[in-house]
Amino acid sequence: MRKVLVANRSEIAVRLLRSASDLGFATVLAAAPEDADSAAAQLADEVVILGGHPPGRAYLDVPALLDAARRTGAEAVHPGSGFLSERPEFADAVLAAGLRWVGPPPAAMRRLGDKDAARAVARSVGVPVLDGTPAGVGAPPDPSAFTWPILVKAVGGGGGRGMRRVDDPSQLAGAIARASAEAVASFGRGDVFLERYLLGARHVEVQLFGDGHTLVALGDRDGSVQRRHQKVVEEAPAADLAPDVRAALADAALRIGRAAGYAQAGTAEFLVEPDGTFWFLEVNARLQVEHPTTECAYGIDLVDAMWRVAAGERMPWHPDDLVARHHAIEVRLLAEDPTADDRPAAGRVDAWSWRPAPGVRVDTGLRQGDVIHPHYDALMAKVIVWDRDRAGAIRRLRGALDHIQIAGPATNLEVLRAIAADPGWAAAPVDTSWLSMRADLRVPPNHDGLDVALAAALDAHRSAVGLAPGWRLGGPAPVVDAWRDGLGQLRTTRTTPSQVTVDAQPRAIRVCSDDGKTARVAVDGVVKTVHTPAAGPTDGAPWPVATRGLTVAPVRLSRFPDPTAATPDPSLAVAPVPGRVTAIVVAVGDRVALGDPLATLESMKVEVVLRAPASATVAGIRVPVGAAVAAGDPVVDLLMDEKPERAP
């Protein structure tokens, strides 16, 4: 095996390409046009552009991927995670083309990649499974047959997509429809099943790896910190797990894997109740996003092992050597807005950096200036830390997150910082409902306008015009600017070069040194290191300002607002995010109340509901189902009531 092809993008493609290159393989990347100059493309020896597809669909074109391998002479295909990684038909096609498949055997993928079939395998080897229905639920079954709440789950795929918790039977039909639509968008198949929703349980998973001769369990991970059934924080090994429960989980995972003839990397997932009772959920028949926690905890390299086994080598570890050396934690930095129900965010990344440090690893395919596309997953980077124990790993995590600087689309960075600083999470493991119950972790930090004070001071220091306050007959005039940040709209008043007042709070600020990117600024007698872009703020555009633990991008409002600028038209319901319209749920003439759904959009593989901004009558439909829309594009025309009920 001399040349390999990676059929994926972003951080996982970067990871695969680096590992393959380190092993001496020539590398090929199959890339969508929008990824032609990505960080992954820069790493590959050759890049094949997959043209002629709607946005987000290029990586699902099996004939084009096989043709890319044929044209470049690649001998093996690694699918990464997501996209086609769990499609056995893709593995079959790769093998039928005479190529090597760097993943589980297709037969094992069929038995375990389908959640319904995987439950049957688990039952056959005596592993407990939660009550549920067979796959293919098309209509709500008898509500009295269930213990509520229940979970609607897509049969294929993973990552929390195609899943909906349902607390009331009246919500079931809508939840089935939405889960099915999201599953079609993400995995190409919409069949779902129902499963009992277990309250108060932890999500614990076991990493499997096999070489076709031996299958081993490489420890466990805890992924209980979740939102929308998607993991935000993962740890390895799972903390405070009784030794007998840990051993039983590993044994159950191995029994399931061996029954299915599993090889390569995969993960068996379980729910664990406080008394140690556990239930099988599913097997992710691929390399998981959180695999670095296992690597850093156990001192192994799963991707290296995948390439080696595909090349015909045996597993590079002995089971007796697989002992946790560290505690590792991974958090997912996501392009989403926590203050708007985790709405996906897209756009240009204006600032992006972190501080290299011992025990810290950042897996990313993102560079400053890159664009986050609405057609792909919201994952921007994985921040992984490790230390000799959990307390040390948490300290490293806090430091690593404090030194991240990112600006552009909204992110969950402040949520990650709040989790890392939370004493309850640090003291003991939490269950899968913990994050959804902690609304306080989503509140923007109260930084008292420090960001706009720093921005105003640095703007003055770097601007020839703004070095001093304005001049007027009889004395200097204050320089007044309006800014918008996470706290709302703030006003700065600069009366002297070293005095800035934010609203009514004066601050003494002096720029001690400034190389155009990093400045040392004394704030009320305390010197801070501040990172900003070299160019000064532009009216209406975010200007990143970062100090340790504070990463914000205030917007200076125009000093000369356009009096003819259009104001939002209340008679239009506009797309809140860029994406693709997946359903229009109203018709012309329908009456809608405040908050009623009008349409659904798919953005970053997530369903976003467009709701009525007030009570009204539907007057027109602007776009068809399947249309691509930008944020702010009109979707539905509304005839507002004379005294409409509006959101507060």
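The values are calculated or read from the model by the stated rules, or taken from the named source; none is laboratory data. Keep in mind that this is a model prediction, so the values were computed, not measured. Glycine also receives a Cβ, built like all others from the backbone with ideal geometry; neighbour counts cover every protein chain displayed.
Overview of results
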item	result
Yes/no for Val77 being within 24 Å of Val303 (Cα to Cα) and buried (at least 23 other Cβ atoms within 10 Å of the Cβ)	yes
The range 253-278, residues that are under 16 Å from Leu198 (Cβ atoms) and hydrophobic (A, V, I, L, M, F, W, C)	Phe270, Leu271, Val272, Phe278
Residue within the range 137-157 that is of a type in the set (Gly, Ala, Ser), surrounded by fewer than 16 Cβ atoms within 10 Å (Cβ to Cβ) and modelled with pLDDT under 70 present	yes
Pick from the range 21-35, criterion in contact with a helix residue (DSSP H, G or I) (Cβ under 8 Å, 6 or more places away or on another chain), without any contact (Cβ under 8 Å) to a residue 40 or more places away in the chain and not aliphatic (A, V, I, L, M), ranking: nearest to Asp61 (Cα to Cα)	Pro33
Subset of the range 218-242 [free of Cβ contacts under 8 Å to residues at least 40 places away in the same chain and crowded, with 21+ Cβ neighbours inside 10 Å]	Asp220
Wholly within the range 409-465, helices (runs of 4 or more DSSP H) carrying at least 1 residues that are surrounded by fewer than 14 Cβ atoms within 10 Å (Cβ to Cβ) and without any contact (Cβ under 8 Å) to a residue 12 or more places away in the chain	423-427, 434-437
Test: residue in the range 557-565 that is more than 28 Å from the chain's Cα centre (by Cα) and of a type in the set (Phe, Trp, Tyr)	yes
Selection count, the range 88-104, where residues are within 28 Å of the chain's Cα centre (by Cα) and surrounded by fewer than 24 Cβ atoms within 10 Å (Cβ to Cβ)	4
Out of Val635, Val623, Val586, sole residue that is outside any loop (DSSP other than H, G, I, E, B) and modelled with pLDDT of 90 or more	Val635
Strands (runs of 3 or more DSSP E) wholly inside the range 475-526 containing at least 1 residues that are under 15 Å from Pro554 (Cβ atoms) and acidic (Asp, Glu)	479-485
Selection count where residues are closer than 22 Å to Ala91 by Cα and hydroxyl-bearing (Ser, Thr, Tyr), scope the range 31-66	1
Residue in the range 74-81 that is aliphatic (A, V, I, L, M), modelled with pLDDT of 95 or more and out of contact with any strand residue (DSSP E or B) (no Cβ under 6 Å at 6 or more places or on another chain) present	no
The range 359-371 residues that are touching a residue at least 24 places away in the same chain (Cβ under 8 Å) and more than 25 Å from Gly299 (Cβ to Cβ), paired with ones that are among the small types (Gly, Ala, Ser) and outside any loop (DSSP other than H, G, I, E, B) (beta carbon under 9 Å, 6 or more apart)	Leu366/Ser10; Leu366/Ala39; Leu366/Ala381; Arg367/Ala39; Asp370/Ala39; Val371/Gly347
Test: residue in the range 557-580 that is in a strand (DSSP E or B) and more than 30 Å from Ile621 (Cα to Cα)	no
Subset of the range 384-401 [among the aliphatic types (A, V, I, L, M) and closer than 15 Å to Ala418 by Cα]	Ile394, Leu397, Ala400, Leu401
Extreme residue, modelled with the lowest pLDDT, among residues of the range 540-581 that are touching a helix residue (DSSP H, G or I) at 6+ places or on another chain (Cβ under 6 Å) and among the aliphatic types (A, V, I, L, M)	Val552
Matching residues, the range 527-540, being assigned to a loop (DSSP other than H, G, I, E, B), within 18 Å of Gly449 (Cα to Cα) and among the aliphatic types (A, V, I, L, M)	none
Cβ pairs under 6 Å, 6+ apart, first in the range 36-56 and farther than 24 Å from Val581 by Cα, second in a helix (DSSP H, G or I) and of a type in the set (Ser, Thr, Tyr)	Glu46/Thr72
Members of the range 428-455 found to be charged (D, E, K, R) and within 22 Å of the chain's Cα centre (by Cα), listed by number	Asp431, Arg438, Asp440, Arg442
Single condition Thr617 does not satisfy, out of (1) within 30 Å of Ala378 (Cβ to Cβ); (2) in a strand (DSSP E or B)	(1)
Failed item, numbered, when Thr529 is tested on (1) closer than 28 Å to Trp354 by Cβ; (2) out of contact with any strand residue (DSSP E or B) (no Cβ under 8 Å at 6 or more places or on another chain); (3) surrounded by fewer than 16 Cβ atoms within 10 Å (Cβ to Cβ)	(2)
First in the range 251-273 and basic (Lys, Arg), second anywhere and modelled with pLDDT of 95 or more, Cβ under 7 Å, 6 or more apart	Arg255/Val125; Arg255/Val127; Arg258/Leu215
Helices (runs of 4 or more DSSP H) within the range 243-357 that include 1 or more residues surrounded by fewer than 17 Cβ atoms within 10 Å (Cβ to Cβ) and not assigned by TED's automatic domain parsing to the domain that holds Pro88	243-259, 302-310
